[in-house]
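Everything on this sheet refers to the single structure shown next.
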Amino acid sequence: MSVTVRVPAKVNVQLAVGGARPDGFHDLANVFLAVGLYDEVTVEPADELTLTCTGPGSDQVPLDRTNLAARAAIALAERHGLGDPKVRIHIAKDIPVAGGMAGGSADAAGALVACDALWGTGASRAELLDICAELGSDVPFSLVGGAALGTGRGEKLQPLDVGGEFWWVFAAADGGLSTPAVYREFDRLSPEAPEPVAAPALLDALLTGDVERLAATVTNDLQPAALSLFPSLKETLDAGTAAGAVAALVSGSGPTTAFLAADEAAARGVADGLAASGTCRSVRVACSPAPGATVLSGN
């Protein structure tokens, strides 16, 4: 028997970051949107825990127990007294790797849901979310999908209603950015960061499905730090704006850049312009919101 789960990428339409906490994390007001770029995670019984990965960037994905998907399987097995999880986890990547779009977090959520189905553990939604929060700040949203406001370090979720579709273009950079390094640079640049608060105008733009209002309110407090460490991202942001994007920002901690377009046709035009600009490695178009972790098959 095997179980396959599809999990979405995310974009942060607002990432408000507070000062560093004593535990090293930062309080956030993180408005997540799940977007229609997906990884698929398949699990099946095996003699021991093993991981395989295919797809773009798969050579950068760790295939040992440090992988969040492996850690998800281990955490669920421990909670239910199953010992070491005897399972093979295969990740089919389509979410950009190390791109600030929560691909690793998505894989963790996918493995968790898939193992729950494979083993028949019957874990409640609350238990799954609790394990997700232990694994990482973005993992709970990968499970839930749609749109949500994340507070705390991003793991405490409040679902948000979205009144329409939003079309995005994502440009993958040549090279990567370390999330801890970006936060360290944020701390250096913003030693007196205010308490993070979700912007009412942005939440209202999501609720009403108003692209222009959303474009006017998207923000990412980590963007200055990402640009400080990876200055050429500004060229990509400028190229997307020149190609017709109504908003341009670094996605999460980067280095992927995200461009909001007026509609699908405009998104295709932005993608063409970015592809021709020579400022990025690859370009993808996707619509939001998208569903969270979804079981596709079990046989």
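The values are calculated or read from the model by the stated rules, or taken from the named source; none is laboratory data. As the structure is a prediction and not an experimental result, all values here were calculated from the model. Cβ placement follows ideal geometry from the backbone for every residue including glycine, while neighbour counts extend to all protein chains displayed.
A few notes on this one:
- Unmet requirement for Lys156, which otherwise passes all of (1) free of Cβ contacts under 8 Å to residues at least 24 places away in the same chain; (2) out of contact with any strand residue (DSSP E or B) (no Cβ under 7 Å at 6 or more places or on another chain): (2)
- Check on Arg188, in the same structural domain as Thr66 (by TED's automatic domain parsing) and of a type in the set (Lys, Arg): no
- Criterion (surrounded by fewer than 16 Cβ atoms within 10 Å (Cβ to Cβ), of a type in the set (A, V, I, L, M) and modelled with pLDDT of 95 or more) met by exactly one of Ala248, Ala242: Ala242
- Counted residues, the range 85-105 - those being more than 9 Å from the chain's Cα centre (by Cα), among the aliphatic types (A, V, I, L, M) and over 11 Å from Thr52 (Cα atoms): 3
- Residue check for Glu48: in contact (Cβ under 8 Å) with a residue 40 or more places away in the chain, of a type in the set (Asp, Glu) and over 19 Å from Gly136 (Cβ atoms): no
- Residue in the range 28-72 that is surrounded by the fewest Cβ atoms within 10 Å (Cβ to Cβ), counting only those that are among the hydrophobic types (A, V, I, L, M, F, W, C) and part of a helix (DSSP H, G or I): Ala70
- Residue-level analysis places Leu249 among those that are touching a residue at least 24 places away in the same chain (Cβ under 8 Å), touching a Leu at 6+ places or on another chain (Cβ under 8 Å) and in a strand (DSSP E or B).
- Scanning the range 257-299 for residues that are assigned to a helix (DSSP H, G or I), of a type in the set (Gly, Ala, Ser) and either surrounded by 14 or more Cβ atoms within 10 Å (Cβ to Cβ) or in the same structural domain as Val144 (by TED's automatic domain parsing) (or both) returns Ala266, Ala267, Gly269, Ala271, Gly273, Ala275, Ser277.
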